[in-house]
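The values are calculated or read from the model by the stated rules, or taken from the named source; none is laboratory data. Please read all numbers here as calculations on a predicted model, not as lab measurements. Here the Cβ positions follow ideal geometry from the backbone for every residue, glycine too, while neighbour counts run over all protein chains shown. Just so you know, the surface numbers come from the protein's heavy atoms only, side chains and all, with ligands and any DNA or RNA stripped out. Shrake-Rupley method; radii C 1.70, N 1.55, O 1.52, S 1.80 Å.
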Amino acid sequence: MRTTIFAAALAAVLVTACSSGPRVPDWQLNAAGASERATSAYMEGKTAVAEREFSLARSQVGSTAQPALAIRIELLRCAVQVAALVFEECPGFTPLQPDAAAADQAYARYLAGRATPSDAALLPEPQRAVAAATSDTAAASAAAAIGDPLSRMVAAGALMRANRATPDLLTTAINTASAQGWRRAVLAWLNVQLQRAEQAGDSTEAERLRRRIKLATTP
């Protein structure tokens, strides 16, 4: 289970589903499964599948009329986009913002690269040390120390969006995405690394990166 605001709650749901307690409502299981499938599909570059599964997850939580659940789905959607360096506004979150808790508001700012020092304590636990780091190097180290791959990628993306990405952070993100087979993400981060190599005039490194990019884009 992914370590994000919504997925952490879904983990508890799934544990309950496997227990001898009361039967878990179908909407909870359906939302959990759709969120997992959407996340994997998006990171792998399967956009149509991701959109379909996110829509299913949103529909399932919509049946409860609980804004907090819809907010978590939309923040999860925004988080996976940030992890893959797709820096767009979160249109699904905007109309829900009036009902967002302080922690949700802080997480949205973090994903947008606009977190304030006071936001750090409100963030999901894996992201707190990253947001609280006072130097880019310390932030990169904090991101690398995150155990969950998706949370690590989200932290890297948030730092990139805030213009705090170090060379080590890029390497962490690329290695993480590569290990998971997340094609969309690994290509996005490789292209950033390639751009920096070209700007630095490092033709040898640039050629090495182009070969990796070609490998990832060859059917």
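Laid out as a table, the results:
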quantity	calculated
Summed side-chain charge close to Q97 - residues other than Q97 whose Cβ falls under 10 Å, Lys, Arg +1, Asp, Glu -1	-3
Linear extension gain, R114 paired with E205, 0.36 nm per residue minus alpha-carbon span	29.6 nm
Sequence of K46, K214 when ordered by accessible area, the most exposed leading, probe 1.4 angstrom	K214, K46
Degrees separating the helix 149-161 axis from the principal Cα axis of the chain, which is the longest one	60
Karplus-derived 3J(HN,Hα), 6.51/-1.76/1.60, for each residue of segment 212-218, Hz, glycine and proline x	5, 5, 4, 4, 6, 9, 8
Under 5 Å, built H, 5+ apart or other chain: amide partners of A101	none
Extension gain (nm, one decimal) between L56 and L29, 0.36 nm per residue minus Cα-Cα	8.6 nm
P(r) of segment 36-144 over all Cα-Cα pairs, binned every 10 Å from zero, in whole percent	14, 42, 34, 10, 0
Against the rule of thumb 2.2 N^0.38 Å, how large the Cα Rg of the chain comes out	1.05
Distance from segment 56-92 to segment 189-209 (C-alpha centre basis), Å	33
HN-Hα J in Hz across segment 186-198 - Karplus 6.51, -1.76, 1.60, θ = phi - 60°, x for Gly and Pro	5, 5, 4, 6, 4, 5, 5, 5, 4, 4, 5, 5, 5
Cα-based equivalent ellipsoid, segment 94-189: semi-axes from gyration tensor eigenvalues, Å	23, 15, 11
Packing rank of 98-107, 123-132, where each peptide gets the mean count of other beta carbons within 10 Å, highest leading	123-132, 98-107
